[in-house]
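Visitor: My questions will all concern the structure given below.
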Amino acid sequence: MSEADPTQCVAYGPGLEGGFSGDVAPFTVEVRNSRGERLNRGGAPIDVEIMDPNGSEIPVNIKDNNDGTFAVNYTPQEPGIFTVDVILRHRRFPVYYDHIKGSSFRVRIEPGTDALQSVAFGPGLEDGNFDTLPTHFTIQAKDRHGKNRNKGGDPFKVQIQGPSGPVDSTLKDNNDGTYKVDYKPKEPGTHKIHVTLKEKPISNSPYTVHIREGADPSHTFIESYTFTIRARNTKGVNKKEGGDPFNVVITGSSGQVRDVKFTDVGDGTYNVAYKLPAPGQYKIEVTLFGTHIKGSPWSQSV
């Protein structure tokens, strides 16, 4: 009762249930005696032969766990039906053997995703993005023949390295063979974007993207302003000539603004152009002979 019985030995695991080309397909063989009890020792003459859809034998890795089980794996390279023979050889005459329970197994392998054929595209991989705005790109999974995959589930990984360190990103599986990647640069400069599948880079990865410095609306303000003074006589009629000594004073929290340009156009109008040194509250005064003109003074916040 202590010998392996091929009619009681079993095999199970994902490598016997199906899979995708290019993926490792593992399964387990459990050695049992005639009572169906597992033999808790190694050394059973278990062997595995696997044929691809073209009838060619492919490599198989077999490991004796020395506890009555064997860990087996293989990597199908093509889609199709694979034949898996799990046999127990005769100890003294290995040329003789018996199939274990359920062998031969027929395993359907579907087309899998090939990293080298898969591509990425979109604005997030193009130069010209600003460091103040989020951007994105798309990964398209393809099989080894370059055909688009229409299923999700591939463990793509994205790593983005900016000038000063890593940049966070999020990857969304669209479940149709495409994956959306969103990220927001932290600073301008050269960014390296690595896209991999099972530690293999996809086509053209890593990508080099040059990020531009962008303006931040929360810190951006209007620093240059202009207004026009219209001179009128005592009857309220527009003057047609210049020469009036208007005085313009602009004052902020740091004192009087010096960058003020006053231009007499010569037709009764006067242009005032000024720059404000920083955001804040300012007071603008326009006087003529020491008297404020209509509407003066007024306040301006920037």
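Visitor: What are the residues in the stretch 61-86 that are loosely packed, with under 15 Cβ neighbours inside 10 Å and either under 21 Å from R108 (Cα atoms) or not polar (S, T, N, Q) (or both), if any? Before the answer, list the steps.
Guide: Taking the stretch 61-86 as the starting set, the residues that turn out to be loosely packed, with under 15 Cβ neighbours inside 10 Å are 61-63, 65-67, 71, 77, 80-81.
If the condition is that a residue be loosely packed, with under 15 Cβ neighbours inside 10 Å and either under 21 Å from R108 (Cα atoms) or not polar (S, T, N, Q) (or both), then N61, I62, K63, D67, A71, Q77, G80, I81 are the ones that fit.
Visitor: Then there's this: When you look at G266, is it in contact with a Ser or Thr (Cβ under 8 Å, 6 or more places away or on another chain) and either farther than 30 Å from D154 by Cα or not in a strand (DSSP E or B) (or both), yes or no?
Guide: Values: in contact with a Ser or Thr (Cβ under 8 Å, 6 or more places away or on another chain): no; either farther than 30 Å from D154 by Cα or not in a strand (DSSP E or B) (or both): yes.
The answer is no for G266.
Visitor: Quick test of your reading of the structure: K157 fulfils all but one of (1) under 16 Å from the mean Cα position of the chain (by Cα); (2) under 30 Å from I58 (Cα atoms); (3) part of a loop (DSSP other than H, G, I, E, B); (4) of a type outside the set (S, T, Y). Name the failing condition by number.
Guide: The number of the failed condition is (3).
Visitor: Could I ask something else about it? Can you confirm whether the stretch 1-22 contains a residue that is within 24 Å of H145 (Cα to Cα), modelled with pLDDT of 95 or more and hydrophobic (A, V, I, L, M, F, W, C)?
Guide: Within the stretch 1-22, none of the residues are within 24 Å of H145 (Cα to Cα), modelled with pLDDT of 95 or more and hydrophobic (A, V, I, L, M, F, W, C).
Listed here are the residues, each with its yes/no results for (1) within 29 Å of S164 (Cβ to Cβ); (2) surrounded by fewer than 16 Cβ atoms within 10 Å (Cβ to Cβ); (3) modelled with pLDDT under 95.
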| position | (1), (2), (3) |
| --- | --- |
| K180 | yes, yes, no |
| E187 | yes, yes, no |
| T190 | yes, yes, no |
| S203 | yes, yes, no |
| H210 | yes, yes, no |
| R230 | no, yes, no |
| K240 | no, yes, no |
| V248 | no, no, no |
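Visitor: Does any residue of the stretch 15-28 turn out to be among the hydroxyl-bearing types (S, T, Y), touching a residue at least 60 places away in the same chain (Cβ under 8 Å) and assigned to a loop (DSSP other than H, G, I, E, B)?
Guide: So the first thing to find is which residues in the stretch 15-28 are among the hydroxyl-bearing types (S, T, Y), and the list is 21, 28.
Now narrow it down to the ones that are touching a residue at least 60 places away in the same chain (Cβ under 8 Å): 21.
If we keep only those that are assigned to a loop (DSSP other than H, G, I, E, B) too, we end up with 21.
Yes, the stretch 15-28 contains a residue that is among the hydroxyl-bearing types (S, T, Y), touching a residue at least 60 places away in the same chain (Cβ under 8 Å) and assigned to a loop (DSSP other than H, G, I, E, B).
Visitor: Next question. Would you mind stating whether T190 is of a type outside the set (D, E) and closer than 30 Å to E78 by Cα?
Guide: Working: of a type outside the set (D, E): yes; closer than 30 Å to E78 by Cα: no.
When the stated conditions are applied, T190 does not pass them.
Visitor: To continue, here is another question. Could you pull out the residue among F156, F130, F105, F137 that is more than 23 Å from A25 (Cα to Cα), touching a residue at least 40 places away in the same chain (Cβ under 8 Å) and buried (at least 17 other Cβ atoms within 10 Å of the Cβ)?
Guide: Numbers: F156 fails: more than 23 Å from A25 (Cα to Cα); F130 fails: buried (at least 17 other Cβ atoms within 10 Å of the Cβ); F105 fails: more than 23 Å from A25 (Cα to Cα).
The unique qualifying residue is F137.
Visitor: Could you list, in sequence order, the residues of the stretch 233-254 that are touching a residue at least 12 places away in the same chain (Cβ under 8 Å) and part of a loop (DSSP other than H, G, I, E, B)? Spell out the reasoning first.
Guide: Here is the first cut: in the stretch 233-254, the ones touching a residue at least 12 places away in the same chain (Cβ under 8 Å) are 238-254.
Those that are touching a residue at least 12 places away in the same chain (Cβ under 8 Å) and part of a loop (DSSP other than H, G, I, E, B): K239, K240, E241, G242, G243, D244, P245, S253, S254.
Visitor: Would you say H90 is farther than 30 Å from K198 by Cα and surrounded by 15 or more Cβ atoms within 10 Å (Cβ to Cβ)? Explain how you work it out, then say what you get.
Guide: Values: farther than 30 Å from K198 by Cα: yes; surrounded by 15 or more Cβ atoms within 10 Å (Cβ to Cβ): no.
Considered against the rule, which asks whether it is farther than 30 Å from K198 by Cα and surrounded by 15 or more Cβ atoms within 10 Å (Cβ to Cβ), H90 comes out as no.
The values are calculated or read from the model by the stated rules, or taken from the named source; none is laboratory data. Not measured: the values here are computed from a predicted model. Cβ coordinates were reconstructed from backbone atoms using ideal geometry, including for glycine residues, and neighbour counts include every protein chain displayed.
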